[in-house]
1. Mind telling me which of the residues P182, P154 ends up being closer than 30 Å to P206 by Cβ, of a type outside the set (F, W, Y) and in contact with a His (Cβ under 6 Å, 6 or more places away or on another chain)?
2. If S166 satisfies all but one of (1) over 18 Å from A254 (Cβ atoms); (2) modelled with pLDDT of 95 or more; (3) under 20 Å from the mean Cα position of the chain (by Cα); (4) not basic (K, R), what's the number of the condition it fails?
3. So is A254 assigned by TED's automatic domain parsing to the domain that holds Q277, free of Cβ contacts under 8 Å to residues at least 60 places away in the same chain and either closer than 22 Å to V120 by Cα or in a helix (DSSP H, G or I) (or both) or not?
4. Among the residues of region 221-245, how many are assigned to a helix (DSSP H, G or I) and surrounded by fewer than 20 Cβ atoms within 10 Å (Cβ to Cβ)?
5. Could you pull out the residue among E56, E88 that is surrounded by 15 or more Cβ atoms within 10 Å (Cβ to Cβ), within 24 Å of V253 (Cβ to Cβ) and not assigned by TED's automatic domain parsing to the domain that holds A254?
6. Quick check: anything in region 215-222 more than 26 Å from Y276 (Cα to Cα) and either of a type outside the set (K, R) or touching a Cys at 6+ places or on another chain (Cβ under 6 Å) (or both)?
7. Among (1) modelled with pLDDT of 85 or more; (2) in contact with a strand residue (DSSP E or B) (Cβ under 9 Å, 6 or more places away or on another chain), where does D152 come up short?
8. Across region 204-220, what is the number of residues that are surrounded by fewer than 17 Cβ atoms within 10 Å (Cβ to Cβ) and polar (S, T, N, Q)?
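The values are calculated or read from the model by the stated rules, or taken from the named source; none is laboratory data. Model, not experiment: these values are computed from the prediction. Positions of Cβ are backbone-derived with ideal geometry, glycine not excepted, and every protein chain shown enters the neighbour counts.
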Amino acid sequence: YAPAWLRLADTRFKQGHTERARAGYQRRLDLSPGDPYAHLGLARVALAASRWDSAETHLRSAIATDPSFDPAHRLLASVHEHFGRPQEMSAALARADDGARFAAAPDPWVDRLLDECFDVEWLLLHVSKYAYAAGGHIAQTLIDRAMMLGGDNPEVYLVFGQYARSPAEARQAYETAIALDPEHADAHALLGEALVMMNEPTQAEPVLRTALALGATTASTYKNLGLTLAAAGRFDEAIEYIEQALARQPESVAAQYSRASILRTAGRTEEARLQYQKLLAQRPSHAAAAAGLDVLMRTAPQTLR
């Protein structure tokens with residue numbers, strides 16, 4: 001049973017039994033030729049032994065089977081870095097950023113048990129695990145079953161909204177959650193985010209302020225409120241909220257990019273330049289930041305050059 005061999009190999013690798021892990025991954029590969037998870041495992045084993053050429057071979061094989069396999073691109077970037085290939089490293093990181101998020105390998109035996117689960121909390125907890133597996137169908141099955149068992153539970157609609165197919169569908173889910181629990185801070189925060197994505201900043205602002213008043217503390221809530229204020233031309237206030245988001249999550253790429261963009265729009269070009277450069281140092285493959293900096297340098301005063 002191929003899924004069992006993969007789980008066993010992963011466990012052995014985590015325990016430091018690399019040779020036994022290698023045997024398990026190889027057995028998985030024998031049972032499922034071309035399997036990207038097996039190739040990824042074999043690459044990790046090779047890297048643990050500094051066998052960089054072997055690791056690269058397995059990673060390229062994983063990508064050949066699944067070109068959007070995010071972890072293979074990220075590990076391949078480290079291989080390129082080791083061999084002194086900066087351009088190839090940047091390209092691999094860019095492909096990783098554009099690829100599908102990592103999803104656990106399917107396990108048919110486990111998947112068949114989902115229809116027998118009556119624990120709403122367990123179902124919701126495992127949606128993220130299956131969100132990017134099998135095209136999201138397993139995650140949707142979990143959500144549908146959770147809604148059937150706990151349709152009056154606002155948490156069900158929060159999860160449904162986070163994996164909705166469109167911002168409009170997410171908005172409806174969050175509005176339902178709020179109807180069930182009007183003081184649910186996270187529901188207001190997520191509804192505000194959906195409204196921002198729908199380009200409805202005027203509607204988003206009071207919802208996000210309510211979220212903060214109810215106790216929401218996530219960086220994204222402050223960032224989204226900053227975006228709504230920027231849309232209204234209230235740049236100084238917008239930047240204050242973006243900076244509060246960064247105080248809570250300093251490495252947030254989204255908040256850093258938002259701050260740079262708002263600073264540029266507000267005419268604070270030197271601060272914008274520094275923020276773009278800081279972001280690109282952290283995420284060299286961020287195309288929008290690179291484009292923003294390029295526009296800034298072409299249109300800003302000579303003193304920036």
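1. On the way: P182 fails: in contact with a His (Cβ under 6 Å, 6 or more places away or on another chain).
On inspection, the qualifying residue turns out to be P154.
2. For S166, the exception is condition (2).
3. On the way: assigned by TED's automatic domain parsing to the domain that holds Q277: yes; free of Cβ contacts under 8 Å to residues at least 60 places away in the same chain: yes; either closer than 22 Å to V120 by Cα or in a helix (DSSP H, G or I) (or both): yes.
Taking the combined requirement at face value, the residue satisfies it.
4. Within region 221-245, the subset assigned to a helix (DSSP H, G or I) is 221-231, 235-245.
Filter again for surrounded by fewer than 20 Cβ atoms within 10 Å (Cβ to Cβ), leaving 231, 235-237, 240, 243-244.
Result for region 221-245: 7.
5. Values: E56 fails: within 24 Å of V253 (Cβ to Cβ).
On inspection, the qualifying residue turns out to be E88.
6. The initial filter retains those residues of region 215-222 that are more than 26 Å from Y276 (Cα to Cα), namely 215-216.
Narrowing further to those that are either of a type outside the set (K, R) or touching a Cys at 6+ places or on another chain (Cβ under 6 Å) (or both): 215-216.
Yes - at least one qualifying residue is present in region 215-222.
7. (2)
8. So in region 204-220, the residues surrounded by fewer than 17 Cβ atoms within 10 Å (Cβ to Cβ) come out as 206, 209, 213-215, 217.
Adding the requirement that they be polar (S, T, N, Q) leaves 217.
Result for region 204-220: 1.
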